Ligand SMILES: [Fe+2]
Ligand SMILES: [Fe+2]
């Protein structure tokens, strides 16, 4: 050991392990000596858990050939909608009670159940048959089961609550014709009603194995036409206020992809 480094009588490893067990931070000299206990162990554990969940969401996107960037873009759309709801005081009491960072991070998991859907269905280049669509629909209850398993082993928290609501209800529709629970109107948690708009807009404007992207103007029209049937009317009003910014996100993505293609061709 170098001169001047702090040495706990029990040995630094044993001491740090005991700090970790107690959820405490080791004292200053150890932090200075090793630079490894400068953050609370509990916090580091939470960061580790969230990194593991991020990787799980990435793994799902790798498998789903059409979903590259889907979670990142829907997160941006959700952020725009929620910030506008706060500014315009739409469902204000509920949205101000949310920790926005937690909710946005949790939204990454909404399609995690697709991990259990076969490649033949997930990446089919044609329209799904009725039977295949039934299999695709299972990504919702499977996703909920995965999150409940995490909940059991880690205890419930706001992150997992948001994740569960979004995962369970992002395919529900305002008029009760969605899946899997056929909830109606405000029976559908607000997180699910919001994700429905972000999810459909991204599906419409993205390339999928079975279809080309459609122009942002047409996607906007489809969302607006879904007011009161597929989507919550109050949220469609919020969407109208930010639809130009939604289109900017799509344009930015296309520009970034063009740049990448050019780099590949010239590099
Ligand atoms: Fe989904
Ligand atoms: Fe999705």
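The values are calculated or read from the model by the stated rules, or taken from the named source; none is laboratory data. Since this is a predicted model, take the numbers as computed values, not measurements. Note that we place each Cβ from the backbone using ideal geometry, even for glycine, and neighbour counts take in every protein chain shown.
Table for the structure above
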quantity	calculated
Wholly within the stretch 1-101, helices (runs of 4 or more DSSP H) carrying at least 2 residues that are within 16 Å of ligand 2 (Cβ to nearest atom), at pLDDT 50 or above and farther than 30 Å from residue 186 by Cα	41-63
Those helices (runs of 4 or more DSSP H) lying entirely in the stretch 152-267 with at least 3 residues touching a residue at least 40 places away in the same chain (Cβ under 8 Å) and closer than 20 Å to residue 68 by Cβ	190-205, 233-266
Unmet criterion (only one of (1) more than 20 Å from the chain's Cα centre (by Cα); (2) closer than 19 Å to residue 246 by Cβ) for residue 92	(2)
From the options 199, 252, residue that is closer than 29 Å to residue 63 by Cα and away from ligand 2 (no atom under 15 Å from the Cβ)	252
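For every residue, the table says whether it meets (1) at pLDDT 95 or above; (2) assigned by TED's automatic domain parsing to the domain that holds residue 74; (3) within 25 Å of residue 114 (Cβ to Cβ).
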| site | (1), (2), (3) |
| --- | --- |
| 183 | yes, yes, yes |
| 188 | yes, yes, yes |
| 227 | yes, yes, no |
| 235 | yes, yes, yes |
| 242 | yes, yes, no |
| 252 | no, yes, no |
